[in-house]
Structures are given as C-alpha cells and as structure tokens.
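Structure, as structure tokens:
What follows draws every value from the coordinates through simple rules; no lab data is involved. Small disclaimer: the values here were computed from a predicted structure and weren't measured. Neighbour counts run over all protein chains shown; Cβ positions are idealised from the backbone, glycine included.
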Protein chains: 4
Amino acid sequence: MTNKLKSYKWFLDALSPHESHVHGIDSIVCEKQTRFQKVEILDTFSYGRCLVLDGKMQSSEVDEFVYHEALVHPAMLTHPDPKRVFIVGGGEGATLREVLRYPSVEMALMVDIDQEVVELSRQYLPTWSAGAFDDPRTALKYLDARRFLEETNETYDIIIIDISEPVEEGPAYLLYTKEFYALVMDRLSPDGLISLQAGTTSYNNLLNFGAVYQTLKQSFPIVSGYQAIIPSFGLPWGFAVASKRFDPRDVDPKEADRRIKERVPGELKYYDGGTHQSQFVLSKPVRREIEKQEQVIEDNQPLFTYN
Amino acid sequence: MTNKLKSYKWFLDALSPHESHVHGIDSIVCEKQTRFQKVEILDTFSYGRCLVLDGKMQSSEVDEFVYHEALVHPAMLTHPDPKRVFIVGGGEGATLREVLRYPSVEMALMVDIDQEVVELSRQYLPTWSAGAFDDPRTALKYLDARRFLEETNETYDIIIIDISEPVEEGPAYLLYTKEFYALVMDRLSPDGLISLQAGTTSYNNLLNFGAVYQTLKQSFPIVSGYQAIIPSFGLPWGFAVASKRFDPRDVDPKEADRRIKERVPGELKYYDGGTHQSQFVLSKPVRREIEKQEQVIEDNQPLFTYN
Amino acid sequence: MTNKLKSYKWFLDALSPHESHVHGIDSIVCEKQTRFQKVEILDTFSYGRCLVLDGKMQSSEVDEFVYHEALVHPAMLTHPDPKRVFIVGGGEGATLREVLRYPSVEMALMVDIDQEVVELSRQYLPTWSAGAFDDPRTALKYLDARRFLEETNETYDIIIIDISEPVEEGPAYLLYTKEFYALVMDRLSPDGLISLQAGTTSYNNLLNFGAVYQTLKQSFPIVSGYQAIIPSFGLPWGFAVASKRFDPRDVDPKEADRRIKERVPGELKYYDGGTHQSQFVLSKPVRREIEKQEQVIEDNQPLFTYN
Amino acid sequence: MTNKLKSYKWFLDALSPHESHVHGIDSIVCEKQTRFQKVEILDTFSYGRCLVLDGKMQSSEVDEFVYHEALVHPAMLTHPDPKRVFIVGGGEGATLREVLRYPSVEMALMVDIDQEVVELSRQYLPTWSAGAFDDPRTALKYLDARRFLEETNETYDIIIIDISEPVEEGPAYLLYTKEFYALVMDRLSPDGLISLQAGTTSYNNLLNFGAVYQTLKQSFPIVSGYQAIIPSFGLPWGFAVASKRFDPRDVDPKEADRRIKERVPGELKYYDGGTHQSQFVLSKPVRREIEKQEQVIEDNQPLFTYN
C-alpha cells in the first residue's frame, strides 16, 4: 500500500458527509443530464469503466458481474421454473443479461424510466448488456415501473428491482415503500420471488438495509437478506429476496450447483452453490441491527439517512 | 447518500495510487514518530477512534471487534484445547483480549517490536485491550518476534500473526516469508494452528492475499483462506488459518457454536457458527485467482505491489 | 511542479463550494471549541504553523508578516502622529505587534471577544505576538468590540479591524456594516484612519471586497482599497484604509520610506515605500467591479456570498 | 466562505507534494495524449473553461486575459516601434491575439512544437485566439523553437516565451537555459526586448523565479522581474522582461497610458499605466530572495524544484 497518489482528476464518491471513496479518473467517456439524472461514464484507473448516476457509483467494469449475478441468481435458482421475468430499472442491461442466461425464460420485460441511460449504456457499456437488448425474448419500455404495474393485470414469476437507493427526496423511494411492495406481491405468480439491492451493510450504517428488510416483511411471508462484496461501491452491500412460498435458504450448496448446471448453459463468473449458501449468513451485528429496526418505509414516510 | 461534505480535515487512506478511502477527522488524539513507525490516533466522524500507522488505517472503534474476533477465533475454536498462545505484533492489545477470553489459555505471550505503540494504545485505546495487559496469564516482550522464535525452544498451540502487510521495503515482510513460516511451523505443538491477516480480497487486487496463501502452502499441510468485512479498511479483507492437523472447515456451524458456548464465557459480538462456516467460502473469482498465483514470498524475494 | 502527493492528512480550505486550497498536515498542535468558534493550530508542510478558525485559514508562519504589515502600516504611516490605537479582534497578537513597533504609540487597546483564541495564540504562536501582550502600552479586553465602542466616549487615532469575513450568519458581520462604520467614524480623532481586511480580490469573487468598499464610502470621505499577496490564503487579498482627512495615496514612496525610517526602529520584513504605493493600484477589472458594486452591508441586510 | 463542497469530480492541481488547488469539474470538453503532452480542456465551476497540460492549469476563461496581457504588453509598450514579433510556444493563441492588437506589428511568427494543442485550442478555446490565427500577419510553425532560432539569421523586435515551467525532466527546460537566452539575445534587433513567464512568486517557493531571473542576467544588461495575479494558478505569478537597451520601468504610468491609447485600438481589459508601473514593484521578501539566488540554469544543469 502506498500514499503516493498519481492521479489529478478524481471522482469523489461520498459515502456519507464524512466518508468518501475516491477514484483517479483516466478519462470521461460521456456525460449527459437526462430528464431524470446526471449520467456519467468514466474510465477509472482502479475499476475500469464505471457508470455514475447523480455522482454515485452504479457499476464498474471490474466487479459489475458480482453485483448482477448476486442480484439475479438467488431468486432465479430458487424458483422451480422461472418463465416470465419483470425488471424494474436495470438500465445498464446487465440484469437482463443474467436473466436471459436461462433458456427457461420466455419473456423478460424491463421497465426503466430513463431511456437515455439505456441508450448510453448500449453505446458505451456494451459488455454490460452483451446483446441482451437484442434477444427476441426481451421487451423494453421506458415508463414509470410503478404506474405500469398498477395498470397491468399480468403476473410474473420473478420481479427484480434494480434501482438506486431510496434515500433523499428523489422519486426512486416510491419503489421502496410498503405500498409498492404490496403491489409487487400482487403481480407475482404463486411461486414467485422478488429480489432487490438494499443499500450498504456497513455496521454503522444499517438504517437503509434494515428499513428495506422490515418493509418487505410487511408484505411477504419470506424475506431473506444477503450480502455481496462489490469493492467499487466502497462499502459492503446488501440485497434481499422476498417470496411467497420458496425460501432460497432451503436450497443447499449442492442443489444450487446442480440447478446452475442444469439451468444455465456456460459458466457463471461469480455465483455458485457455496456463495448461494454463505451469502445469506449475515454476521451477528448485522442480524441484530436489522431485526430490531422499527422503521418501515411508506409512501408518505420516506427514509432520510442524512439531514 | 450525499455529495455534501462537511469535514475540512481529512485522513486520506490510499488503497492504491489511484484509489483512496477518505475520512473526515474530528480531532487528533495523539501522534508520535516511534523508532519504527508513525503512530496516529484519530477521532473520525465515520469510524470513531482509529489507530493509523504510517498513514494506513489499522483498526477503528466501530469495527475493530470484527477484525480481532475474525483473526483469533477460527484457530482457537479449531484447536482441541489451546493452552499456550503466541502473538506476533498485536500492539493494540485486542488480539490478546480475544485470546484471553478462553479460560483454557494458561499463557499468552505477545511479542511486539514497538513498545510505544503498545503504550499509546493502552493510554488512548483502552477498550481495545480491555484490561488484557494486566491479566496474570499475559507476558509481553518488546522484541523482534522472528529473532525471539529463532532463539527459543518453546512451542505454542496457537500462533497469531497480527502485523501490517508485507508490502514495500519495511522489515515487516520478513514476518511473511517462506522462511518465517517454516520457523513458525517448527514452534507449533503437534495440534497447533496459526492465523494471520493477509491483505485485501478485492477482485482486482489479489496479489498479496494470493502470495501469502501460496507461501503458507509451502510449509503447512492445511491452509484455509477466509475473509471478513471491516468497512474501515475500505476494501474486503483476507485472513488465513494454517495448521498441521486440524482443518477449521471441518468444524461445522453447530459444533462451532457448541465450542463457543463451552469455551468462551460471555458473548462474542461478531463470531458465531454461521460466520465460522461461511467465511471460508471464498467466491469463485477469489478462489481462482489465489489458486493460480505463483509468487511465493521469500526472505530475498519480497512482494512489490506498487512500483 | 508535480502531481505526486506525499501527505495523507489534509486540511481542505474551501474557497467556495467548488474550489479549495488543500494543505498537507504534518501535525495538529491543538484544537479547541471555544464559546465562539472552532480553533485549530496546525503544522502544515507548505506554510508551517497555521491558525485555522472554523475551518478557514487565518494566518500562517510563512506569510503572516505580510498580512499583518499590510494591515497595519498603511494607516499608521499616513497618520501624522499616531498615539492611540484601537484594535478590533486581532487575536493572534501580530497586529498588536506591528502597532507597537511605533514608539509614538502611547496606548494600544485590543478588544477581542474570544479570550481562548488569544490564550492559545500566546501559547502556540509566540512569534506572532512576540511579546506584544506584555508591553506596558497594551490594554486587552475580552468583549464585544462594537458594544465597547458604543459605550465609550474615547477617541482613537487609528482603529484597525482584524476579524474574519462578514459572510454567513455569524455575528462577525455586525462589525462590517454601515452602522458599525458610522460608529467607528465617530470614535476616530480628527486626523484618524481605520484599516481592515476586506476579503479576496479574485476577479470572479469580488462581491465581498466591493460591498465592504461601498459600505465604507457611506461613512468615510476617503476610502482606499488595496491588496496584498498572502499565498496561504489561496486567493489574492483585499484591504482598505478609510479616513477623515488623510489619503494614504498622497504619501509617495520616498515619503513612505522616510517615515518608516523615522518612526519604526528596526526593519520591516515586507512593507516599504514601493509597496505602499503599488498596493493601492488595483487592476482595471478589480476597480471596475468594486466601483459598480451597489450592495451596501447594513445591520439588517447581511452579505450572502454562497447560498 | 463555506466548507460545503458541492462537486464530485475534482481537478487536483498539485502546487507541490503538500499543497494543491482543487477545482470542481463540471464537464470534460476534450482530452488527448499528443506526442508531447496530455491535453485536457475542462469546464470548471470556478474558472469556466480551462486548458490543462500534463495535469497543470495553463489558462482559464476567467483570467486568461490577465495572464496574456501581462505577458505581452510590458515589452510591446516599452519598445519604440515593434514590427516583428516572435512567439515561442503560446499554443492557445491568446499571446498572438494580444500581439496583433498593435497595427504596427507587420509579422508575428509563432513556433509551437505541439500542433495538436494549437488545433484543440482553435476548436475548443476560440475566444483565446479570437481570430488571431487567421490574421494575414500571422505565421505559424510546428517546430522546436530553439532549433528554429539556431538555424535562422532573422532578427525580431520582440520575442515572447510562453511555455510551461522549466522544472522536472521535460525538454521545456532547454528553453530556459543560459545558452538559450544567449541565442535569443542574438536574434533580437538592437532595440529588442523579450518577455516570459517565470513561475510562482510565492514567498516560500522562489527558487524558480529567482533562477530564471539570474539566468537572464547572464545574457541581458536589463532584466525586470514583475508579477501578476492569476487566481486560477493558485499562487501569485512571476514574469520578466529582458532587454538590450530599454528599461520598461522607465515608462511611467502616464506615458504607458499614452502609448496604449496611441498604439492599441479598442480597450485592454487588464493592462494600463498604473499596472505597468506597480507590477514591477516586487515586495521586499521577493526582491531579497531573487537577488541572492545563485543558481543559473544551464543546458547541462537543469532546475529541480522537487525531488
């Protein structure tokens, strides 16, 4: 390790008002203010190409496969036979890519509000989607996903929520509320599961993860929090699977490996049976904190992590 | 998350020449140049009180319990009956604290080269040692641990190596070499185990963890890498247990919980059976990388991570 | 010039929300929250020992002599025979030191609201005051200078206002208003002058300097803005002399040098006749901007530079 | 002033290994590695559009007029009738722009080694050159200026050296040596003058300015150091005029204003008679330091400011 810094353009990813993860910028590939957010695609020295939305790291060339495999496969492998998948957000196309690895999937509908993020990702982050947008099973709509779900009667086997965190004043928090999860629950088929990212699991910063966990428990009988290490995020990261009937923790490592082999041609880079099991083992301080969290996120009661 | 920074004094912990973890400093408790290193004790807003050696975060009030429990208990719980423990380094006294939780331990000998770090830690980080230095079973020597081990004929049940990373030109790397591990192996009793921290497990930065792992395998029949999440370190962190006879992965969660209950009065804050098992499950990219690492650290072949 | 940074503790002096001057910290000499402000005394690599109040650089070992000579001597040399000097603020004692260089001065009354700043400065910045606090001509009171001036009937030949900038919500702005300057005018003897620091003269940041200049012109017939280069401040710095009768620009370089020789034993480190004249020559863009500035600071109309 | 930072992409302009000037980046207009240097054009919040070469600020939209007027007019106004002007470097075209303001100028020959900097400047910094490259009096060559001057027999009335600093290992230092200045002297017409930028005049950092000043004195009978305030540079900046016969300090403010009026149609934004005179008045500590500087830069004795 060293204290000699060699960069002079820096991306400062503020984890809190008093803590930052700082990346030397090699070059800026593109930047654009869309109707919804500031989009930047940066080439960094440490994590290669990165997508940054409103100043926050979203995914990096070095470890996006970890994030996206960790987000998609727990639910997909737990469901007995996922055919219809709905993706909320997921602009880079990598969540879609992981979903489409399953030949069993007949349709994958992705609804992202920001068309420009999708187009910039296709152009500048082609390895993220890896052709997924051109798959005949893909349907892509640029709409408010909540409104779309309210207006449809369709149901889905898997719903994956791949959006930014619920914090601050942005409209994204309406995709993290008790009311939204009730709606999602209603649009799931009887064997259905949902999965989502749920903020950091850092020991002194568990409000977000805990509140999402407790909010999910208001609607779903089975909620399984888990975590993955995505170094470009600067802090350890939390996810959750919520389901009506199947508990991912009942799928043991051997069974998970068997299902991967059976269902997914080719090879996963990150996910396997061992990770499937161990990721659900939250450590004592994390478990304790999220179990005792009392805040539930509601439409008229958003989460404020920093004031 | 936010981009509004509120601090104006910052500790910049360089993870590489192009990546830093940055902490707002509330106040500086003490700073001193010892014969061996620059010691600083900082009160940060995010991680409370922190020990910083030569500009690198060593442990923080918020998550030192994770680091020290993860370092000590895997080896202690795997050994059938640890009585004699040797600690290399461990200046803060928290490794000693965790070792002395076991009433079975008859003596704990800690050898740290830097008396001033120990004294500053006793004064300014009292909750780290929590009285451990005053325990009648403790022996404390301010010496070069390698020379001490070379000159003694004693053997130990557990040897815990709690020092900085082997990088750069410092003498610390002589406590990470094949020659040193052969010596440590020789000073272990027949059922003995060693444990140590082994650098980050970040996917793009596995040289250190991989080289330590391969170097250990030169001397020990059983080597088990594992990891823990210590957010104040900025990156995920690796450890290893190496042993003559017992494999910690053979201790299943229930057995680990049983041993904790039987051997450790009071309660551990971080460690339990679930963590014992899951921490050894390294993810595919980490496993792949360390297995194929070919560099072995030798006395005359140090590790250079940045040039 | 270089891009290799060697420090890991940094003092970030925010010049605006988008511009900072950053200093490697060698060590922190002391820090204290007084009733009025956060006081920090830092040893930096570039500017030696520095006084920092509420996160802003106040003066540094390397260039404090420039700031204090530039603040004091223009008024002192313009007055025909300064005997009674009043200092508003001036906690470090260096303004007092420069005033007391003149044997003609019979009394120097310094009124600073924050006793702790004065005491910390005496202890940790002894070369700033250089014995000035012990001079029998010194009187020192820890009071609100405005209230003191309201309640006294005394008059002074020179009044030097050595305080932080008038920005933000702090009470300091009440020492920069039209009402305060009218009071100060009233407490000046007929030949009297005042001097003060007035914020940066950076071309894109002239609101503060211009508003102070225009506010002074509401009360004083003669107002002379001038500037000095104090690198530790990060931006060029403005001052003003305001007076009833004497214009400092009428003192030509030779006359200024003659008066220095006659009035000041020993040698000034920064100030001389050439600087006396040239410092009043503001460049075209600065002149233009402050002449057209329309904002006047009033008790119920503070200056907001950043919102 | 404030400590709330609002940017998350920062350009860190290292003034030394322990001091930086940091700018929030709004967007990156272009970046390119040429054969000679890394070129970046950034839109910053504080200084608008900026040209950055090898990580160092070269000129900004907010204050480039100060730099270029300060570089060009002292020599041009001191010469009795400048007709032939040679510019070493000057890639942005703004030095050329200021030279061509004089209808007396019959030809301006600019020799810059880096064609790409010139082309990027024309494209992205059009207000810098403001049409100067299209002036029929302009000749532009992409060559090593030193070699060009060695091979020509032509002489020039004014030679302006507008290049980066002589520090570090780059070839630029060969345009700052005693040997180069002897060559330049030889290519000047009998009434000729040269001008150049000469590094910071910050009190603790005068090695560069002093060494250039002393090196010029090896070749020229008259050398006049001066300074200007260019806030985007982070530190106060030094220049020099060196000449065979005419001393710019002999042109008093009135005469300078008269010559500006007579010679330059339109209006200068920064330069006038008052600035002409006052800029040559270096303060005592600067004068003292450069007069006693003993280092002379020679072809085989470059200047190392940081090691």
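Points worth noting:
- FRET efficiency for the C:F304 to A:R288 pair, using the beta carbon distance and R₀ = 35 Å, is estimated at 0.15.
- Based on DSSP H segments of at least four residues, each scored -39500 (n - 2.57), chain D has a per-residue ellipticity at 222 nm of -8500 deg cm²/dmol.
- The ratio of the alpha-carbon radius of gyration of the range C:64-292 to the globular-protein estimate 2.2 N^0.38 Å is 0.93.
- About its Cα centre, the range C:64-292 has a charge dipole of approximately 720 debye under the convention of +1 per Lys or Arg Cβ and -1 per Asp or Glu Cβ, with nothing else charged.
- Spatial separation of Cα centroids for the range B:23-98 and the range B:263-307, in angstrom: 18
- Amide H contacts under 5 Å for B:L268: none, restricted to partners 5 or more places along the chain or on a different chain, H placed in the peptide plane at 1.01 Å from N.
- Close amide-amide hydrogen proximity is noted between C:T138 and C:A108, each under 5 Å apart and 5 or more residues distant or on a separate chain (H modeled in the peptide plane; Pro and chain starts excluded).
- Given 15 as the ceiling on other Cβ atoms within 10 Å, longest exposed-site-free region of chain A for chymotrypsin sites (Phe, Trp or Tyr not before Pro) in DSSP loops: A:143-303
- Extension gain, B:E262 to B:E151, is 36.4 nm, computed as 0.36 nm per intervening residue step minus the present C-alpha separation.
- Of the GluC sites (Glu not before Pro) found in the range C:224-280, those that fall in a DSSP loop while having at most 16 other beta-carbon atoms within 10 Å are C:E267.
- Rel. contact order, % - alpha carbon contacts under 8 angstrom, at least six apart, the range C:21-169: 21
- For the range B:10-60, a simple Cβ point-charge model (Lys and Arg +1, Asp and Glu -1, everything else neutral) yields a dipole of about 220 debye relative to the Cα centre.
- GluC sites (Glu not before Pro) within the range A:107-216, DSSP loop, no more than 10 other Cβ atoms inside 10 Å: A:E169
- Distances between placed amide hydrogens fall under 5 Å for B:G199 paired with B:G238, all partners being 5 or more residues away or on another chain.
- Inter-chain Cβ neighbour average for residues B:22-30, partner chain, 10 Å: 6
- Shielding of peptide A:55-65 by partners, expressed as the average count of other chain Cβ atoms within 10 Å per residue Cβ, is 2.
- Cross-linked pairs A:K217/A:K244; D:K9/D:K56; C:K32/C:K56; A:K254/A:K284; B:K83/B:K269; C:K217/C:K284: Cα-Cα separations exceed 18 Å for A:K254/A:K284; B:K83/B:K269; C:K217/C:K284.
- Eigenvalues of the alpha-carbon gyration tensor of the range B:10-60, scaled by 5 and square-rooted, set the equivalent ellipsoid semi-axes at 17, 15, 8 angstrom, largest first.
- Magnitude of the charge dipole, the protein assembly as shown, Cβ model with Lys/Arg +1 and Asp/Glu -1, debye to 20: 0
- Residues considered: B:S59, B:S20, B:S278. Largest GNM mean-square fluctuation over chain B, using C-alpha springs under 10 Å, is found at B:S20.
- Pairs of Cα atoms nearer than 8 Å and 6+ residues apart set the relative contact order; for the range C:149-268 it is 24 percent.
- For peptide A:283-289, the mean count of partner chain Cβ atoms within 10 Å of a residue's Cβ comes to 5.
- For the range B:1-144, the Cα gyration tensor yields ellipsoid semi-axes of 30, 17, 13 Å (square root of five times each eigenvalue, largest first, whole Å).
- Using all pairs of distinct alpha-carbon atoms, the Kirkwood hydrodynamic radius of the protein assembly as shown works out to 33.8 angstrom.
- Note on the range C:200-245: semi-axes of the ellipsoid equivalent to its C-alpha gyration tensor, largest first and rounded to whole Å, are 22, 12, 6.
- Relative exposure of B:D112, A:D257, B:D272, judged by other C-beta atoms within 10 Å (fewest first): A:D257, B:D272, B:D112
- Projected area averaged over orientations for the range B:171-296, convex hull of C-alpha atoms, nm²: 8.7
- The relative contact order of chain C, computed from alpha carbon pairs under 8 Å that lie at least 6 residues apart in sequence, is 17 percent.
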